[in-house]
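Only one structure is covered here, and it is reproduced in the block below.
The values are calculated or read from the model by the stated rules, or taken from the named source; none is laboratory data. Treat the numbers as computed from the prediction; the structure is a model and nothing was measured. Here the Cβ is made from the backbone with ideal geometry for all residues, glycine too, and neighbour counts use every protein chain on show.
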Amino acid sequence: MVLAVHVLLLRPLPGAFQPARERPRPLITRTVPAEPAPRAVAVAAAAPAIVTAPARPRPAAPGLEPALRRADAQLSVRRLSTPPAVTAAEASYATPQAKPSPPRPTPVESLAFAVAAPVLLHYKVTVQTRGLTLNGQGRLHWRHDGNEYDARLELSGGLLASRTQQSTGRITAEGLAPLRFSDKARSEEAAHFQREEGKVSFSSNRPDALLASGAQDRLSVMLQLGAMIAGKPKNFGPGATISIQTASARDAEVWQFTVEGDEALQLPGGALNALKLIRNPRKEFDQKIELWLAPGMDYVPVRLRLTQPNGDWVDQQWSSTDKG
């Protein structure tokens, strides 16, 4: 009996303290077919990978099924086709380092130039500003030796604030080629034509500008226009337009002049005929520029009128001439 009691105590109760055993899971097997050897596919080195999402099946009308099949065939051909080769020129514009194209002024390669002889021109200057009329004098000293030039315009007198602009550079087959332009009122600012680097830089720390062929500054442009027209006057009849990249001491942009025709002027220095050109404003804050060039004086500027957007103006009229 004692032995039977020990056997009962040591024997685990069915289901009470025995941990549940996991039921054996059925073993599922499947046959994996051997992966076929990859086929050689010719791919262009620069061809981008095209990933497309699988198309969702949609019921199609019986009449559209052939068209859809043709579209699928065309799409599959486009996926596998090699993209066209990129030319070197296209690649240069596609790179992030590519520079924007410079402005396109009037080509000067086919033009003739006749640079005016050295001269000292005197002007009567009238200024209308804020309802007041101010009078002063100006003089344009134009000097050159056939290779290098120096132009200097000075305005002063009475209540007129003094201002000096100067342009220095070379005389080339394209006419004047400025190297430096300065504009001084209270302080001086300058533009530098860095032709080897193809840019115009400014002393005021403003962004550089791309340098276009035949580029001028705000002083040399008047003399360049005269030299250009003097070279072939018959090419610049009424309605002709001339576009020249023109730099101030702060920026550079293309100025477009239109030839209006001959005009008889009565100036402080006397009566004469002159060819009038005009540059109309093209954007906000642009000046209107009217320029008169005298054929009988080597097409030098005999009158210049600048009109501001607010209506103020400056009128500079020839009064006398000294030899340069």
Could you check how many residues of the range 119-137 are crowded, with 16+ Cβ neighbours inside 10 Å, in contact (Cβ under 8 Å) with a residue 40 or more places away in the chain and under 18 Å from Gln308 (Cβ atoms)?
-> 3
Quick one: how many residues across the range 127-136 are among the polar types (S, T, N, Q) and either within 17 Å of Leu291 (Cβ to Cβ) or under 36 Å from the mean Cα position of the chain (by Cα) (or both)?
-> 2
What number of residues within the range 96-126 are over 28 Å from the mean Cα position of the chain (by Cα) and either among the charged types (D, E, K, R) or modelled with pLDDT under 95 (or both)?
-> 1
Answer yes if at least one residue in the range 236-245 is assigned to a strand (DSSP E or B), over 28 Å from Thr133 (Cα atoms) and not β-branched (Val, Ile, Thr), and no otherwise.
-> yes
Unique residue being in contact (Cβ under 8 Å) with a residue 60 or more places away in the chain and either over 16 Å from Ala114 (Cβ atoms) or in contact with a strand residue (DSSP E or B) (Cβ under 9 Å, 6 or more places away or on another chain) (or both) when the list is Glu260, Glu253, Glu290 = Glu253
Hey, Leu160 at pLDDT below 95 and crowded, with 16+ Cβ neighbours inside 10 Å or not = yes
If you check every pair at least six apart or on different chains, which have Cβ atoms under 7 Å apart with a residue in the range 152-175 that is under 17 Å from His122 (Cβ atoms) first and a residue that is not in a strand (DSSP E or B) second?
-> Leu153/Leu219; Leu155/Ser162; Ser156/Ser162; Arg163/Ala185; Gln165/Arg218; Gln165/Leu219
Does the range 251-274 contain at least one residue that is aromatic (Phe, Trp, Tyr) and surrounded by 19 or more Cβ atoms within 10 Å (Cβ to Cβ)?
-> yes
Can you tell me how many residues in the range 302-314 are in contact with a Lys or Arg (Cβ under 8 Å, 6 or more places away or on another chain) and over 18 Å from Phe257 (Cα atoms)?
-> 3
All strands (runs of 3 or more DSSP E) inside the range 127-209 with 2 or more residues being within 24 Å of Asp312 (Cα to Cα) and hydroxyl-bearing (Ser, Thr, Tyr) = none
